[in-house]
Amino acid sequence: MGNNHILIVEDEESLLKLETILLASKGYKVTGVKDGLAALSEIEQNKPDLVLLDIMMPGIDGFEVCRRIKENPETRGIPVVMLTAKKSAVDQARGIEVGADAYITKPFKSLKIIDVITGLLQKR
């Protein structure tokens, strides 16, 4: 897992730091951005191994970012994990509909995120 690059897309500074520390402590290379446009730019330039994606962000929301990742032949193979406070069944269904590989709700357990990420990266 040491060389896997994870892009975290999270507009809340404290959560971005927490998620970055968690993943870096597990040996992942981590890049963090705060909005959807920055995420799409980073994905195009650096093709991360996995994207950890918030839904509620300024500008383009996480659903749209995920849809664009999965529609692009060059990036559709990148696993996307939605990490969000949106807990409704409708939101979860929409996440899967736009191509999310996993949907985790906040507040989250660190172990669950690590397990999901490890499982998705092993499939690649």
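Can you confirm whether Thr105 is closer than 24 Å to Gln122 by Cα and at pLDDT 95 or above? The answer is no for Thr105.
The rows are residues; the columns are (1) of a type in the set (S, T, N, Q); (2) over 19 Å from Glu97 (Cβ atoms); (3) touching a residue at least 60 places away in the same chain (Cβ under 8 Å); (4) in contact with a Pro (Cβ under 9 Å, 6 or more places away or on another chain).
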{"site": "His5", "(1), (2), (3), (4)": "no, yes, no, yes"}
{"site": "Asp11", "(1), (2), (3), (4)": "no, yes, no, yes"}
{"site": "Ser25", "(1), (2), (3), (4)": "yes, yes, no, no"}
{"site": "Gly32", "(1), (2), (3), (4)": "no, yes, no, no"}
{"site": "Asp35", "(1), (2), (3), (4)": "no, yes, no, yes"}
{"site": "Val65", "(1), (2), (3), (4)": "no, no, no, no"}
{"site": "Lys70", "(1), (2), (3), (4)": "no, no, no, no"}
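Within the stretch 56-80, the set of residues being touching a strand residue (DSSP E or B) at 6+ places or on another chain (Cβ under 9 Å) and modelled with pLDDT under 95 comprises Met56, Met57. Going by the conditions given, is Ser88 out of contact with any Pro (no Cβ under 8 Å at 6 or more places or on another chain), free of Cβ contacts under 8 Å to residues at least 12 places away in the same chain and within 22 Å of Ile114 (Cα to Cα)? For Ser88, the condition - out of contact with any Pro (no Cβ under 8 Å at 6 or more places or on another chain), free of Cβ contacts under 8 Å to residues at least 12 places away in the same chain and within 22 Å of Ile114 (Cα to Cα) - is not met.
The values are calculated or read from the model by the stated rules, or taken from the named source; none is laboratory data. As the structure is a computational prediction, the values presented were derived from the model and not from experiment. Please note: Cβ atoms are built from the backbone with ideal geometry, for glycine as well, and neighbour counts cover all protein chains shown.
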